[in-house]
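Visitor: Questions regarding the structure given below will be posed in turn.
The values are calculated or read from the model by the stated rules, or taken from the named source; none is laboratory data. Everything numeric in this text was worked out from a predicted model, so none of it was measured. Cβ coordinates were reconstructed from backbone atoms using ideal geometry, including for glycine residues, and neighbour counts include every protein chain displayed.
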Amino acid sequence: MGPEDAPHTALAYGRENLETTGEHMGGHARSIRAPTRGVRWRAGFEPGARVGRCRTQRDEQVAVGSAIFKKMFFDMVRQRACRELRFVIACSFAIGSLLMDGCSGEREFIGEDGLFSFALTEDTPATFEGDDVSVFVVEERIEFPIEAPSDEQFAALSEVGDVSIPYDRLPWVVRGQYEIEIDWVLINLDEEPRSVTLTVNGFNEFHEYSPTVQVADEDVVVDFSQWERMIRLEPRERRFGTIREEELDEIAVDLATVVNGAPNPNQIVFFENQSALDERAQQFIPDVVPALTGVRLGMVAFGAGGVVLEATVRARDESGRIVSEEDRWELPQPELFEPAAAVAAAQAASMAQ
């Protein structure tokens, strides 16, 4: 069994020969015991650091040294993947026009060239390493081009009144003003199967959801992403799909819910749980839910290899909040929301009472 067939379900949904602790299907963080004994963290990546965010001197050297390779790599696959992705999008529009005749609102592509692409290669450094398992994470942070408020409009957001929200002002963009959809294509360039977990985490004007990896004794505990799917690619296989508007809407609601004090963030963001329908979450949904101002699209794998992710992000906006890249608002820097840190703080507060 190769690294790519190692516990890819550590970020998905269990494996037969793993000992998994915690209430898994209830949406709790996973604790993977057997294959991660003797985990060695790379320099600069402390337990609890954000997945895919550590950068060491070695990482920088690798990044510089592989720049030429990566350019050739992307040039080789961009045209082919772009054709395929646009075919998928064209099909989506055709089907949508048949099923939703009369629905108003055109979708606009987000991004300077409308296409986001990144890859997991043999040169990608591991985010963390163990005796039996290495985890590789690559991500792209995508900000939506939001219209900037005027000084008067921004000042008016401070008039919160009796609205119950966990922020010191009202959001400039709110849930429902625009809808976002992501079309993606995954391409396995290798002659052997690869398993990757496709992930999406959202951010708004105030907070950014940041899953963590915790190491305790011989356990590695991985937080759920706000949206994730484990995908196995056969040799040279291409797989495509769409992350629908309602799924990204759920990400916006979940982010606002956990920030507003929901006690178990992993339970809230677990893909089978819907905050609006879950009695455990409903009481924590604030009166006003901020719209997403961007997402982090990523891949997580348990082995390096040639896997390319190409994606387009489309917006349907009837409110006029989505503008051109030149006119975009310089978004406020959101505060990181780390699920493990939130749970630890809640436990500390409970013990102090």
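Visitor: Which pairs do you get when a residue that is under 15 Å from VAL138 (Cα atoms) and at pLDDT 95 or above, found in the stretch 188-202, comes within reach of a residue that is among the β-branched types (Val, Ile, Thr) and not in a strand (DSSP E or B), reach meaning Cβ atoms under 6 angstrom, with the pair 6+ apart or on two chains?
Guide: The qualifying pairs do not exist here.
Visitor: Still on this structure: Output the residues belonging to the stretch 156-188 that are surrounded by 18 or more Cβ atoms within 10 Å (Cβ to Cβ) and either part of a loop (DSSP other than H, G, I, E, B) or of a type in the set (Ser, Thr, Tyr) (or both).
Guide: ILE165, TYR167, LEU170, PRO171, TRP172, VAL173, TYR178
Visitor: Confirm whether ARG280 is in contact with a helix residue (DSSP H, G or I) (Cβ under 8 Å, 6 or more places away or on another chain), among the basic types (Lys, Arg) and over 29 Å from PHE118 (Cα atoms).
Guide: For ARG280, the condition - in contact with a helix residue (DSSP H, G or I) (Cβ under 8 Å, 6 or more places away or on another chain), among the basic types (Lys, Arg) and over 29 Å from PHE118 (Cα atoms) - is met.
Visitor: Can you confirm whether ALA256 is at pLDDT 90 or above, in contact with a Pro (Cβ under 8 Å, 6 or more places away or on another chain) and under 23 Å from ARG169 (Cα atoms)?
Guide: In short, yes.
Visitor: Considering only residues that are in contact (Cβ under 8 Å) with a residue 60 or more places away in the chain and assigned to a helix (DSSP H, G or I), which ones fall in the stretch 257-286?
Guide: Residues satisfying the conditions are VAL258, VAL259, PRO265, ASN266, GLN267, ILE268, VAL269.
Visitor: To continue, here is another question. Provide a single number: the residues in the stretch 189-204 that are assigned to a loop (DSSP other than H, G, I, E, B) and buried (at least 22 other Cβ atoms within 10 Å of the Cβ).
Guide: Result for the stretch 189-204: 1.
Visitor: Scan the stretch 324-350 and report the pairs whose first residue is assigned to a helix (DSSP H, G or I) and at pLDDT 95 or above and whose second residue is surrounded by fewer than 15 Cβ atoms within 10 Å (Cβ to Cβ) and β-branched (Val, Ile, Thr), with Cβ atoms within less than 6 Å and a gap of 6+ or a chain change.
Guide: No pair meets every condition.
Visitor: Condition first: at pLDDT 95 or above, buried (at least 23 other Cβ atoms within 10 Å of the Cβ) and touching an Asp or Glu at 6+ places or on another chain (Cβ under 7 Å). Now tell me which residues in the stretch 264-295 satisfy that.
Guide: PRO290, THR293
Visitor: I've got another one for you. Can you tell me which residue is nearest to the chain's Cα centre (by Cα) among those in the stretch 206-256 that are of a type in the set (Ser, Thr, Tyr) and in a strand (DSSP E or B)?
Guide: Ranking the qualifying residues of the stretch 206-256, first place goes to TYR209.
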